[in-house]
Amino acid sequence: MPDKYVFLDRDGVINKDPAGWTEYGYVTRWEDFQFLPGVLEAIKRLSDAGYGVVIISNQQGVGLGYFSEEDLNDLTVKMSRQIEEAGGVIADIFYCTHCKEDECPCRKPKEGLFLMAQEELGIQSLEDKFYIGDTESDMQAGKKVGLRTILVLSGKSSREDAAGWDHKPDHICDDILEAARMIIS
């Protein structure tokens, strides 16, 4: 296993954020999953540079009953297959499918998913690793576990939003491809 890791949020980082244009505001089926421009190239570049790429994502639509765990798994298999066909490698994927109200310890901005990934992948330390997200809760979660945080502007948040946050990102990039180039260099 590599010692270099990049953690990625999913919606707004890998695929077009579903808020406002999909049923329920969630990606509930493969037909609604749209890779953002440059994502496949970015993941390939990170993989080629020796980074383990790990997806960490809240998917409360399952907990709300908008789609099933089976639907999420089907979508994940198809997403992973396309990433692999483009030359990228996903080391692992961790989802929290609970609702906000459940107070689950793995739901971001809590750190449970990161600690689970650290244990399952045998990562000694999360320091000097990266987390790419599109919301303040992503930045907060990454910082809680010592990750270097990168806000991408391809999802929910803008530079103006980030300026007012309590949990500011370490870096801001337009998209995942720009973030990947920065990490690799």
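Below is a table of values for the structure above.
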item: Number of positions in the range 146-166 that are crowded, with 17+ Cβ neighbours inside 10 Å and over 15 Å from the mean Cα position of the chain (by Cα); result: 1
item: Every residue from the range 118-151 that is assigned to a loop (DSSP other than H, G, I, E, B) and touching a helix residue (DSSP H, G or I) at 6+ places or on another chain (Cβ under 8 Å); result: Ile123, Leu126, Val145, Leu147
item: Residue in the range 2-12 that is modelled with pLDDT under 95, surrounded by fewer than 21 Cβ atoms within 10 Å (Cβ to Cβ), out of contact with any helix residue (DSSP H, G or I) (no Cβ under 8 Å at 6 or more places or on another chain) and farther than 21 Å from Gln140 by Cα present; result: yes
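Per-residue answers, yes or no, for (1) under 20 Å from Lys100 (Cβ atoms); (2) touching a residue at least 12 places away in the same chain (Cβ under 8 Å); (3) small (Gly, Ala, Ser); (4) touching a strand residue (DSSP E or B) at 6+ places or on another chain (Cβ under 9 Å):
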| position | (1), (2), (3), (4) |
| --- | --- |
| Gly112 | yes, yes, yes, yes |
| Asp134 | yes, yes, no, yes |
| Ser157 | yes, yes, yes, yes |
| Asp166 | yes, yes, no, no |
| His171 | no, yes, no, yes |
| Ala180 | no, yes, yes, yes |
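The values are calculated or read from the model by the stated rules, or taken from the named source; none is laboratory data. In this text the structure is predicted, and so the values were computed from the model without any measurement. Glycine gets a Cβ as well: all are built from the backbone with ideal geometry, and neighbour counts include every protein chain shown.
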